[in-house]
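Trainee: Provided herewith is a single structure, encoded as structure tokens, for subsequent inquiry.
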Amino acid sequence: MASQDRRTAGEVDLTAEELSSLVIHPHEEAVTKLAKVAKTPSSGFGVFATQDIPKGALIAVELAVLSIPQVPDEEAAIEFCKALHQISKANLDRLQSLSLDPLAWGSVSQENVRSRLWQWCQDNLATNQSGQRMSHHELSKLVDHTCRCYGIFLTNNLETGSGSGRGVYPFFSRMNHSCRPDIYEFFDTKTKELSLRAIHDIKAGDQIHSTYVDLLQPRKKRQKTLEAWGFTCQCSACTNPAFDALGERAVELDDMLEEYLFYHDDFSSDTDDDHEPFLKGPDEALGVAQELIQLLKDQGLYGEALYHTYWSASKLGVEVDDLELALGYARDAREIEVCCVGPDRRLSDDDTIEWISYLESQIEHAKEGSSLTAKMAHQEYDPSSP
Ligand SMILES: [Zn+2]
């Protein structure tokens, strides 16, 4: 999971005047014109919209200032040393401008981690090109610097998924958490770019939040997970008790739907499992999917969960022989997909465009078939027909 420089959500937004007085870091200028990093009243940092940002807009595209490949945890420190040794001065400055979390610092200061970093520095950096060895004091200073940078890396790194390792994205790192995020972050494994898109309209001056946790969880579970970052979330979903019941019901519906779809797929491949899913048929499952869609929208959750639920509803629409309904949900899924990742990428392995054209052609065939049947029936029963 991403470990980021994030603080409490629910902090106030900036006025237009406050926004215009902010200075943009050159790095921010390069990644976005739509938002900037600013101090929040609690003296942490946050990202704020500098203009109205429409739903689906690409807010920022960022490359990692430092990244390491996918390795077991115990090898991460060494991979980090190798990457740090090759970092540019500008990227080192950006890395060092980020915060160092006390928990991350605690884990770096552990004797085994520090001694691993020391060993690597001694083996690889302690002798210069003309064969001169560093003094113990110089080496110690170098190890201190490496430890501090590693702590910053652990505080701010993002797991980019699909075996592509971890990286630090300074702009993204400055975004605070909310259980009602404003953006969807997407890592492109080919270009190595992290793209951030608005998942709903954002007003100039509003703070822009991402999320650190799985949002389809009850509030208590989310807050338990967020303890790792050392804050209690103050977002609207966490402070308005009305959202608790909605959130719990959404989790319940999601579980039922997931179970139904799982066993349904299994049954079609002739499993011996005698487990009966809770939902008895596609009609019931479709009803659950529709209730879940409404609940997610009511809670302002326009990300992956809604996308997947639209997909489920579309497949169930086919099962209940309502192709028009299935097509409607497929188009809804596509709209969320475009909003989250843009028109040229996919949000999952499923190909939404292909699915939409399949459904369109099925509907076309059904229409042709029914008009043919009607025509034949007409010919059959029309007494004036030859
Ligand atoms: Zn929250």
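Trainee: Only residues in the stretch 220-242 that are under 21 Å from N156 (Cα atoms) and within 11 Å of the ligand (Cβ to nearest atom) count as the first member; pair them with residues that are β-branched (V, I, T) and assigned to a helix (DSSP H, G or I), Cβ under 9 angstrom, at least 6 apart or cross-chain, and list the lot.
Mentor: Every condition considered, the pairs that remain are C233/T239.
Trainee: Looking at L154, is it over 27 Å from F231 (Cβ atoms) and either in the same structural domain as S348 (by TED's automatic domain parsing) or touching a residue at least 40 places away in the same chain (Cβ under 8 Å) (or both)?
Mentor: So L154 does not fit the description; no.
Trainee: Assess whether Y329 counts as being surrounded by fewer than 17 Cβ atoms within 10 Å (Cβ to Cβ), closer than 23 Å to I293 by Cβ and modelled with pLDDT of 95 or more.
Mentor: no
Trainee: Another question about this same structure. Output the number of the condition that G106 fails; it satisfies all remaining conditions of (1) in the same structural domain as K39 (by TED's automatic domain parsing); (2) open to solvent by 10 Å² or more (accessible area, probe 1.4 Å).
Mentor: The single condition G106 does not satisfy is (1).
Trainee: Restricting to the stretch 298-335, give me the number of residues that are touching a residue at least 60 places away in the same chain (Cβ under 8 Å) and in a helix (DSSP H, G or I).
Mentor: Count: 2.
Trainee: Let me ask something else. Tell me, please, whether a residue that is open to solvent by 50 Å² or more (accessible area, probe 1.4 Å) and under 16 Å from I293 (Cβ atoms) can be found in the stretch 315-322.
Mentor: Scanning the stretch 315-322 turns up at least one residue that is open to solvent by 50 Å² or more (accessible area, probe 1.4 Å) and under 16 Å from I293 (Cβ atoms).
Listed here are the residues, each with its yes/no results for (1) of a type outside the set (S, T, N, Q); (2) under 23 Å from L295 (Cβ atoms); (3) over 18 Å from the mean Cα position of the chain (by Cα).
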site	(1), (2), (3)
E138	yes, no, yes
G161	yes, no, no
P170	yes, no, no
L194	yes, no, no
H200	yes, yes, no
H209	yes, yes, no
L216	yes, yes, no
K220	yes, yes, yes
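The values are calculated or read from the model by the stated rules, or taken from the named source; none is laboratory data. Remember, predicted model here, so these are calculated numbers, not experimental data. Backbone-built Cβ (ideal geometry, glycine too); neighbour counts: all protein chains shown. Just so you know, the surface numbers come from the protein's heavy atoms only, side chains and all, with ligands and any DNA or RNA stripped out. Shrake-Rupley method; radii C 1.70, N 1.55, O 1.52, S 1.80 Å.
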